[in-house]
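Below: the structure, in structure tokens.
The values are calculated or read from the model by the stated rules, or taken from the named source; none is laboratory data. Everything numeric in this text was worked out from a predicted model, so none of it was measured. Methodologically, a virtual Cβ is constructed for each residue, glycine included, from the backbone with ideal geometry; neighbour enumeration extends over all protein chains shown.
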Amino acid sequence: MTTTPDRILRAKAQSRDPSHFALTERQRQRHERVVAISQYLIAEEGRHNINFRGLARALRMTPATLRFHFVDMEALLAEIIRRHLRLLAAALGTYEPTDPERHQKRRAAYLAYTRTPLGGLTEAHLILVRDRHTLPDDERTSIDMMRQGLAELLGGDIPEETLLLLDAPFLDEAAIEARLGAPRLQLARPPTQVMQTQRPEQPQEPNAWTHPGEGEKPGNWIFSAGIPTNPRARPVAA
């Protein structure tokens, strides 16, 4: 007999009565410490080398206390990834389409949230790329939607191309710099099939896909997806 996972029951209960799950200031601080330390340990050891009880012991907590914040490892891992994507979205969404330096600022924000000064991946971004595939479908679906939105913000009309930037291990440092630093990204449009009832297509000039921000409209995906945009958001040190 299959039962509903605890994390799904917790999410449904929280949506039913959010006030019941409101944290005190002390609980909120403990919650942040749990996320920060867990992010460090999972990035260092790997998701499959840590179990829930072992993590609780490392945090000097009982499993029941840790479960107060996260019902299982999947819920904790998903929270680390979502938190990273929210912070990155907030940093990228700070710069308006009318800002003449928006591209340079978004490039700097992307690198600050995903790459370390030595060229490696930040803890949270390493977990995003390496471990998100281990999440159950219900957790991974919402995370992949957030990734798609970030790709659209970074790449304008070519999110499929820019989505690779969020899987940074598949690109070396030079390739990332080239993708983010190019003044214009060239990509051929797929050929359009002409129906017999339609007029033949008129010859068009070669197309150049524009950089993020050009042609963007206010009220972009960040707000429609309900992702907060806090210009003061910064990565939280472990």
Condition broken by Leu55, with the remaining ones in (1) under 15 Å from Ala168 (Cα atoms); (2) surrounded by 21 or more Cβ atoms within 10 Å (Cβ to Cβ); (3) free of Cβ contacts under 8 Å to residues at least 40 places away in the same chain satisfied:
(1)
Exactly one of Val71, Val35 is surrounded by 16 or more Cβ atoms within 10 Å (Cβ to Cβ), touching a Lys or Arg at 6+ places or on another chain (Cβ under 8 Å), at pLDDT 95 or above and not aromatic (Phe, Trp, Tyr), and that one is Val35
Cβ contacts < 6 Å: first residue surrounded by fewer than 16 Cβ atoms within 10 Å (Cβ to Cβ), restricted to the stretch 80-102; second residue modelled with pLDDT under 90 and not small (Gly, Ala, Ser), any location; separation 6+ or different chain. Result?
Pro97/Glu216
Filtering the stretch 153-183 down to residues that are under 19 Å from Gly93 (Cα atoms), surrounded by 19 or more Cβ atoms within 10 Å (Cβ to Cβ) and at pLDDT below 85 yields Leu153, Leu154, Gly155, Gly156, Thr162, Leu165, Leu180
Helices (runs of 4 or more DSSP H) fully within the stretch 67-147 counting 3 or more residues that are more than 18 Å from Ala43 (Cα to Cα):
73-93, 102-114
Among Thr134, Thr114, Thr141, the single one that is at pLDDT 90 or above, crowded, with 19+ Cβ neighbours inside 10 Å and polar (S, T, N, Q) is Thr114
Is there a residue in the stretch 37-59 that is in contact with a His (Cβ under 7 Å, 6 or more places away or on another chain) and not in a loop (DSSP other than H, G, I, E, B)?
no
